[in-house]
Each structure stands twice: as C-alpha cells, then as structure tokens.
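**Q** Pasting a structure here, questions to come.
The values are calculated or read from the model by the stated rules, or taken from the named source; none is laboratory data. Here the structure is a predicted model, which is why all the values come from computation and not from measurement. Every residue, glycine among them, receives a Cβ derived from its backbone with ideal geometry; neighbour counts consider all protein chains shown. We work out accessible area using only protein heavy atoms, side chains counted, and drop any ligands, DNA or RNA first. Shrake-Rupley method; radii C 1.70, N 1.55, O 1.52, S 1.80 Å.
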Amino acid sequence: MPGHKVSAEIAAVRHTIPGVTLISPPPHHDIYSIEDLAQLIFDLKTINPTARISVKLVSEVGVGTISAGVAKGKADTVLICGQDGGTGASPLTAIKHAGLPWELGLAEIQQSLIANRLRNRIRVQVDGQLKTGRDLAIAALLGAEEFGFGTSLLITLGCVMMRKCHLNTCPVGIGTQNPVLRARFSGKPEYVERFLRFIAQELREYMAMLGFKTVDDMISHSELLYPEPAIECLKAQNLDFSNIFYPVNKDKHSIRRSTRQPETWQVGDLEAEIGAKSQPALSRKEPVTLEFPVRNIHRAVGTRLSGEIVKKYGAAGLPDGCIRINLKGSAGQSLGAFLCPGITIHVHGDANDYLGKGMSGGRIIVTPPPGATFPAHENIICGNVVLYGATGGEIYINGIAGERFCVRNSGASAVVEGVGDHGCEYMTGGTVVIIGQTGKNFAAGMSGGIAYVYDRTEMFDTLCNLDMVNLESVWSKSDQEILHNMLKNHVKYTNSRRAKMILENWEAQFPLFVKVMPIDYQLVLERMRLQEHPSEETVSATEEVY
Amino acid sequence: MAKSTAFLEFSRTDPAKKNVAERLRNFREFEIPLNHTELLHQAARCMDCGVPGCHAFGCPLHNRIPDWNDMVYREKWQRAFLLLQATNNFPEVTGRICPAPCEAACTLSINDKPVTIRHLELQIVEKAWREGWIQPVIAAQKSGKRVAVIGSGPTGLTAAQQLARRGHAITIFEKSDRIGGLLRYGIPDYKLEKWVIDRRLEQLKAEGIRFETGVDAGVDISARYLK
C-alpha cells in the first residue's frame, strides 16, 4: 500500500505509522508448510477459543491435498478462491494469469476431503466472481456450502471498475482516502441487501428446477452437472471434464458436508494451570509470580491468558509486570504469541519458533539455563520468525535468534545477540538492537522502524539489503540514549555479558553500532517532527514530498 | 493517464459561442475553439478508466477516446490523430455534429461533468488538416474489381473510401447534383459548413474515387447496367 494512502485511520488500524508504505498483501513468513499453518490455527484458537478460523486457498493443481491438511489443522472453514477476481489495484498480469477457475479447485477439494473422510470436519466456501444464482447452484452442486462475493457487491455500491484503487483517485469514492472523492460515494447497504436477495431468489428457482428443498441437500451432487453440449466441437472435444463431475457419493453413507457443531477450543494443562493461578491478577490486578517447568509440547504458552486479559481489560491489559511467569526448560512453539501488556515471561532454557508472534505488549525474556557454561552470544537460543507481526511489547534474548527475526514487526522493541538470515524483513515499526552477527539479506523490504546493529567486523553493509534502507552511524544524542537504555534493560533482565561489556566501554563501543534506517520512514519522521512544531510550512504526514 | 488527479483540479470548459448579434447576420459556425492550454487541461481530465464507457459503450465507432485524450495531454498530436482516424474516417464531421453519446457515457458524468470529448476530436482533426497530416492514401495495388456505391451520404463516402484504399475501383452514384447527401443537404451551415465537405471530397477524389452526380440509381441506371 503506497505511503500516501496510509492515512492516520489506516495506520491506527494496522498499527503502523501514517505515510509509511506497507507491503500488502503480506507474504506469510510464518507459514512455510502445512505444520506451520496448523500452528497458526492453534495459536489463533488459543487466543480466542470461539473464533471461526478460515483458510483461503487459491484454486490450483494439488489444492485438494492442502485442503486435507487444513482440515487436519482444525480450521473451521476452507475457502477456495478462483482466478477471476482481483482488486482494481492488482497488476494485469496477475489478473490474467494467476490461479485457475474455482470450479476446478472446488471439485478437487470436495473429492479429496470426502476421500479422506474429512469433509464433515470443515465447511467449504467458494468465491471468485460469483454473480448469479446459477453460479451458486453450480458451486453448491460441486460441494460448497458458503459463498463469497467481492466485486459484484462493490458494483452494487457504485464501483465502476476504474482499476485505480492504488492511485487514490477513485471517482466514486470507494477506493480512496481523499475526502472530496469520498463525499461522492453514493452506495447504500440496502443495495447490497437487494442484490443478495435477488441472488437468493434465483438460486431458489434453480433449486426448484432441480428438486431440492435446502442448500444443504444440494451440496455435492456433481452427478447433476454435465458439460454444455454446444461447446463439444473442435478443440473442446479434447477436453476431459469427467474429473470435475467425478461422482463422490458412491458410498451412500459418506458425509458430504460439514456436520461439526461449533465447539470451544480446549487449552492444554499448562495453560489451564497458568489461567487458574493467575486469577488474583485477573480479577483484582494483584501481582502474581508463577513458576513452571516447560517442555516443547507446551505450545503457545501465555496466549490463552492474554486472551482472557484482553477480553476483560481491553487492549491496555494489566499494569506492567503484574503477572510474572518463570519457565524452566525448552519452551514449545509460539511462546508468548499475542502476548498482551501486563505479562512478563522469563524462559530459563531456550525457545522454539514464532517466539512472541503478534504480541501487543508485555515482556519476554529468554536466557540460557542457570549454570550454563557456554558463552550466550555464540549460541542459538530461539527459533525462527521471532516477533512476527508484533505491534508492541519488549523482548530480550540472551543468545542468537534464528532466521527472519522481527519479520513484519510493527512496534515491538527487541534486543538480541545475533540473528540468522533475513533479519527485520518487511518491518514497519519498532526498535531492534542486535549485539552480534547478522545473516544475509538484512532489512529486505523494511519500510519502518529502526535497527541498531553492533558491527564489530565492519562487514554489515555486505549483509544488508540496501534497497529500502540507509545505513548511518549512531551519532545523535537521542539515538545513543535509546540504544543505551535498551542495553541497560537487557543487562537488567538477562545479565548479558556481552551487553555489559559494551556498556562498560560505551565510549569505545557505540561508534561500532550501525543504525539501519528505512528511507521512507525517515521522511515520515521528519514530517511528524514538523507537525509537532506547527508552522506555516507544515505539511500533512501523508502528503507526498517527492 | 499522465495526470491522474486532473479531474479534480480542472472543471469542464465548453467552447464559447459567438455573440448573438454576430450570429444573426449569417449562418456560419458559431463555436469559438478552446485555446491550447485549455485543451490540454480538458484532455487531462480523462481518467483513463479501467472500463471506459466512452470507448466501448458510448461511441458507435468505438473510437479510442482514452488513448487520444492521453496523447493530446502529452501534446503528441500526430499520434492522437492516427489513433482517431484508425476508427473514424471523417472526424471533422463527427467532431462538429455528433451528439456525443461518448460524453453521456463518460465515467465522470456519473457525478461530475464529462470530458469534452467531441471538441477534442474536432481539434485533433483540424490540427491534422493544418499540419498536412491528412493526405490521400492511394492503394499500393489495384484489385481489378469495380464497386458501385449508391448514394454519397456519410455511409456511402466512408464505404467508398475504405474500399478504394483496398484497391477497388469505386464509382459513387448520387441522384442530387452535389456530393454529400445528408451532410450537404440535411445539415445546416451553422453546424457543418460546406467547405468542410469539399475539403474531404478533394482527398477522396485523389484516392481515385469517381463521382457520378445526377444519377438516380434504379431510374437512370439499372442493377443490370451496374453489373
């Protein structure tokens, strides 16, 4: 999303800074396999046990296998998305050449889910230029029980398909932040309602023709579909449609649609115990300190508690350090995922992937087990994708983190003693201090936030991706103050030897730090500074200056 | 579009009209063409829509309106003219008298005033005449076939020109004593002056089209004679 479209409202919703370009849609660097996806579903269910989790899949070859994985990962809905859609901002190449028709993907998903006896567990939704009751009838017969509309509803609201959503010049006031143009928006909710009523009416007509009473009865009766004979000429003769209409209902008892009742997600024993023992804090805001051994089977520790706190106290959470959780051992994946303000988790041992994923506050501290003899700054202590999509909070890691550290971080501050490849990728906010080695491709797509890297070898510029960032030295007093404070906190929480060494020789060591500053972000910060001291020349934070 | 916000910055300006006292004294055209800067502003107002109503829905000729609007804005007048004549044989006629359904179909007309498409079209073609970009297009090869066109109205002339450019030998039969049909006898001078038609007829003559006036097909000559 271009920076000039990121207005104050949008920035607030997306937890970024107005005017900073956002890479959207986000590359999901926390999902590289079906196990990763299952983990994400697990995390989301843990934070909100009543949430319905939907997984959107592009219609393509092999999507049936993926859908089986999605069902096993305990998602509630799988959404198959066809080739025909796309926002007005999509490049023409993507609109014309990406994906397959939803019919192909839907048929494959349905057959695959039934063959694996998973269809009863998951609802199937379809979208991709559904426009008429006939489209819905075909989709239901191929196996969908829910239908999504995008473009057609926009059209009912007045969209004229200008394909200018990215330029901020939508003349009918839909895809724009310009108040003059927004005033031209003439859509009403009633238009959408009326359109959908017509669609439903047309679907009813088709159902009457086919002899169905309910949409549920209609699901997965592909035997009622056949290819239009009129196209059976010339080249179309070579096409074999039989796999689309493959009869999946040979076994009369096979379940063709979701029969799962909405259920509340059950959390693990450790989570339940943490929840029970935190009651004083939850009900009366009394500080509590908890100690537990932890193993890598304990995933998303602290997440359910955060969910309860936020439900009760809102995003502000509890006072800082109200709940202290000390864990000893190897923590499982997603430790402190979606952590909220008020919780401090201290791990004596090590942590797995997705540490602090999506955290909005609180503090996570990871230190080697007491009595460890190895030097902390030379050993990996936590896994990949730390702080993915975090919007606040602090994290102190007394050791080296894995790859994609702070990917898409938009507000959390972190201190770590070394990172793997692709550090600070797509970061849009927050502050990161790295007092050790970094891997390749640091700061790729980084459009906001600041990173301070301790560059002892002066080779950091060869590892950093300089497309979107500038490298500076830490010359300003305010930068030095931030850095010094963060390192002081690091020593306070982790007793890091390396940080201590730097602080003790501060005058000699701080020149070795490199400040990684995104170019866009710098411009925005300058504009914001101007706004704080208003003068006649003040420009709005979202105004383009180049 | 080179300037995507122009429709917010400039409003529509129609060509001014000569004052009534002057118009009372003659039957000449009364539109005063827009000046150069104003033209560029008007062309810039085109939004280069994803689904251009003017081109595909409004214009029966499917004129490439967004494309030549853009070219006018960039001051590439010759390119604009080439785009215009690709779909329109006599833009100087439509630029004057077309009721401009393109403007009614313009996306801007949903909640604003449409782009001055008709006037831009006229200006492009008049510029082309002044610059000498409109020259006879002589067919490189003769097909050896003869075609008779009955009636010399806008349709007959267009058909004759297109066929002549394919190398056919064209004869137009017109029952009146002047060529032009509706253009000459149906449209009054204040909308379309006669010199505009004559100027175009020169080009048609140079392309090898023969005109037979005063011949009423079916009365003076038979279908058998034409064969």
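**Q** So, in segment B:42-61, how many residues would count as being away from chain A (no Cβ under 14 Å) and either open to solvent by 60 Å² or more (accessible area, probe 1.4 Å) or part of a loop (DSSP other than H, G, I, E, B) (or both)?
**A** Final tally of qualifying residues: 3.
**Q** Follow-up question, since we're still on this one. Any chance segment B:116-130 includes a residue that's within 14 Å of chain A (Cβ to nearest Cβ) and either touching a Cys at 6+ places or on another chain (Cβ under 6 Å) or more than 30 Å from A:Leu181 (Cα to Cα) (or both)?
**A** No, segment B:116-130 has no match at all.
**Q** Another one. Among the numbered criteria (1) within 14 Å of chain A (Cβ to nearest Cβ); (2) within 25 Å of A:His166 (Cβ to Cβ), which one does B:Arg64 miss?
**A** (1)
**Q** A follow-up question, please. Against the condition buried (at least 17 other Cβ atoms within 10 Å of the Cβ) and not in a loop (DSSP other than H, G, I, E, B), how does B:Ile124 come out, does it pass?
**A** It is true that B:Ile124 is buried (at least 17 other Cβ atoms within 10 Å of the Cβ) and not in a loop (DSSP other than H, G, I, E, B).
**Q** Of the residues that sit in segment A:154-164 and are open to solvent by 50 Å² or more (accessible area, probe 1.4 Å) and touching a residue at least 12 places away in the same chain (Cβ under 8 Å), which one is nearest to the other protein chains (Cβ to nearest Cβ)?
**A** A:Arg163
**Q** Just checking, does segment A:193-210 include any residue being under 31 Å from the mean Cα position of the chain (by Cα), of a type outside the set (S, T, N, Q) and more than 14 Å from chain B (Cβ to nearest Cβ)?
**A** Within segment A:193-210, one or more residues are under 31 Å from the mean Cα position of the chain (by Cα), of a type outside the set (S, T, N, Q) and more than 14 Å from chain B (Cβ to nearest Cβ).
**Q** Any idea which of A:Ala281, A:Ala276 is assigned to a helix (DSSP H, G or I), modelled with pLDDT under 95 and open to solvent by 50 Å² or more (accessible area, probe 1.4 Å)?
**A** One residue alone meets the criteria, A:Ala276.
**Q** Find all pairs meeting these conditions: Cβ atoms under 6 angstrom apart; at least six residues apart or on different chains; first residue within segment A:357-380 and part of a strand (DSSP E or B); second residue surrounded by 15 or more Cβ atoms within 10 Å (Cβ to Cβ) and among the aromatic types (Phe, Trp, Tyr).
**A** Correct list of pairs: A:Ile365/A:Tyr396; A:Ile365/A:Tyr493.
**Q** A:Ala98 fails exactly one of the following numbered conditions: (1) within 14 Å of chain B (Cβ to nearest Cβ); (2) surrounded by fewer than 16 Cβ atoms within 10 Å (Cβ to Cβ); (3) of a type in the set (A, V, I, L, M). What is the number of that condition?
**A** For A:Ala98, the exception is condition (1).
**Q** Let me ask another. How about segment B:2-35: which of its residues are in a helix (DSSP H, G or I) and crowded, with 17+ Cβ neighbours inside 10 Å? Don't jump to the end; show me each part of the working.
**A** From segment B:2-35, those in a helix (DSSP H, G or I) are B:6-9, B:20-24; that's our starting set.
Across segment B:2-35, the qualifying residues are B:Ala6, B:Phe7.
**Q** Continuing with this model, one more query. From B:Glu75, B:Glu38, which residue is closer than 30 Å to A:Thr176 by Cα, more than 14 Å from every other protein chain (Cβ to nearest Cβ), surrounded by fewer than 14 Cβ atoms within 10 Å (Cβ to Cβ) and without any contact (Cβ under 8 Å) to a residue 60 or more places away in the chain?
**A** Result of the check over B:Glu75, B:Glu38: B:Glu75.
**Q** Can you say whether A:Phe147 is within 12 Å of chain B (Cβ to nearest Cβ), at pLDDT 90 or above and open to solvent by 20 Å² or more (accessible area, probe 1.4 Å), as far as the supplied structure shows?
**A** no
**Q** From (1) in a loop (DSSP other than H, G, I, E, B); (2) open to solvent by less than 40 Å² (accessible area, probe 1.4 Å); (3) away from every other protein chain (no Cβ under 14 Å), pick out the condition that doesn't hold for A:Asp84.
**A** It is condition (2) that A:Asp84 fails.
**Q** Only residues that are more than 15 Å from A:Val453 (Cα to Cα) and open to solvent by 30 Å² or more (accessible area, probe 1.4 Å): list them for segment A:509-526, please.
**A** Across segment A:509-526, the qualifying residues are A:Ile519, A:Asp520, A:Gln522, A:Leu523, A:Leu525, A:Glu526.
**Q** Quick one: A:Gly187 ticks every box in (1) out of contact with any Lys or Arg (no Cβ under 7 Å at 6 or more places or on another chain); (2) without any contact (Cβ under 8 Å) to a residue 24 or more places away in the chain except a single one, so which number is it?
**A** (2)
**Q** Okay, moving on. For residues that are modelled with pLDDT of 85 or more, part of a helix (DSSP H, G or I) and more than 7 Å from chain B (Cβ to nearest Cβ), scanning just segment A:166-185, find the one that is least open to solvent (accessible area, probe 1.4 Å).
**A** Applying the filter and picking the extreme gives A:Leu181.
**Q** Another question, if that's okay. Let me spell it out: the conditions are (1) part of a helix (DSSP H, G or I); (2) closer than 17 Å to B:Ala206 by Cα; (3) β-branched (Val, Ile, Thr), and B:Val72 meets all of them except one. Which number is the exception?
**A** (2)
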